1. Taking the 0 to 90 degree range and rounding to the nearest ten, how far is the long axis of helix 149-161 tilted relative to the main principal axis of the chain, both from C-alpha atoms?
2. Taking the alpha-carbon centroid of each part, what is the distance from the range 66-132 to the range 272-329 in angstrom?
3. From the mean inverse distance of alpha carbon pairs (Kirkwood) and the Cα radius of gyration, derive Rg over Rh for the chain.
4. Among 320, 174, 140, which comes first, then next, by fewest other beta-carbon atoms within 10 Å?
5. Let me know the volume per residue of the alpha-carbon convex hull for the range 269-340, in Å³.
6. Rank these for me by crowding, 101, 120, going from fewest to most other beta carbons within 10 Å.
7. What percentages make up the Cα-Cα pair-distance distribution of the range 15-145 when the bins are 10 Å wide from 0?
8. Given q = 0.20, 0.23 Å⁻¹, what are the Debye log10 I(q)/I(0) values for the range 221-302, with equal point scatterers placed on the Cα positions and solvent ignored?
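Read the figures in this text as sums done on the coordinates, not as results from a lab. The structure displayed is predicted, hence computed values, not measured ones. Please note: Cβ atoms are built from the backbone with ideal geometry, for glycine as well, and neighbour counts cover all protein chains shown.
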């Protein structure tokens, strides 16, 4: 059975069924992905992320079938294999790979050379849009030798988008950057998703990049799919808990509802109530993402008073999942459609008599604002 993301129109999905033996693992993937937003391939090094990406692009010759919307790229049963240059995709690698003998504009124009002349006008408009969204207009006359790592990668993204790809493949595009440069580029990637609407398939093993960018999350281990679906759904599961970075946690959408400047706080509104977080410069009404780690959530039967914890949400217990080999339990909580995970001890579950359907309060000690 393929891992399927709900879609009413199969012409708007990327359908993949691939098999490729490797020295350390065998890639065996059956997957349907939506052709919208950012689909992140996530997993540890050696899990098969890049192999899958290269196989989709046609750079690796896996066995099976790949269909991009209505266009069939590969079907070994029919003896069909579309070469890379005929697939409407663009590939961005870890290294920007710019031509140092050309300035930035020359690098951008190089990406247009493989297009028929009839497409140049539309491609030039796509290039202009990418330059504007990525904020590189002031760099066009510069040599790549005089760009920072983050600037080089933004130029590489604009060059890839100039060919008007139907699919943008990104293979750990921030891996070669230091933390400061990563934080510089991430907002531009978010702008790409919002403004240009080009579907992206994004490889990473960074928890921060998953939390900030992913609409759909595919988790790989040893060449196999461990979980796949909308990112909030995958991260909220307690049957196959996914640990991003330092802990299991949930991803929550909220809206900036107010600011308390004297105390340096902002109030965020979500379906189950309000949360206070460290002050953000996002304007009122802005949509933001929050990451709430399970270890930062505790459970009470009544709303606590006289406590330093400021965030309290009324919840219903959905599911309890004891963690094998430990005396801890993951508790899935629902607060009017928003899922929060809590990690508590088995003793606490027993003392509170926690069970599905029970009404409780979640105390949230810390919230990470992703954007």
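1. Helix 149-161 sits roughly 70 degrees off the main axis of the chain.
2. 44
3. Numbers: Rg = 22.7 Å, Rh = 22.5 Å.
On the Cα set of the chain, Rg over Rh gives 1.01.
4. Exposure proxy ranking, most exposed first: 140, 320, 174.
5. Convex hull of Cα atoms, per residue: 125 Å³.
6. The most exposed by this proxy come first: 101, 120.
7. The distribution over the range 15-145 is 10, 32, 31, 22, 5, 0, given as percents.
8. Evaluating at q = 0.20, 0.23 Å⁻¹ gives log10 I(q)/I(0) of -0.99, -1.13.
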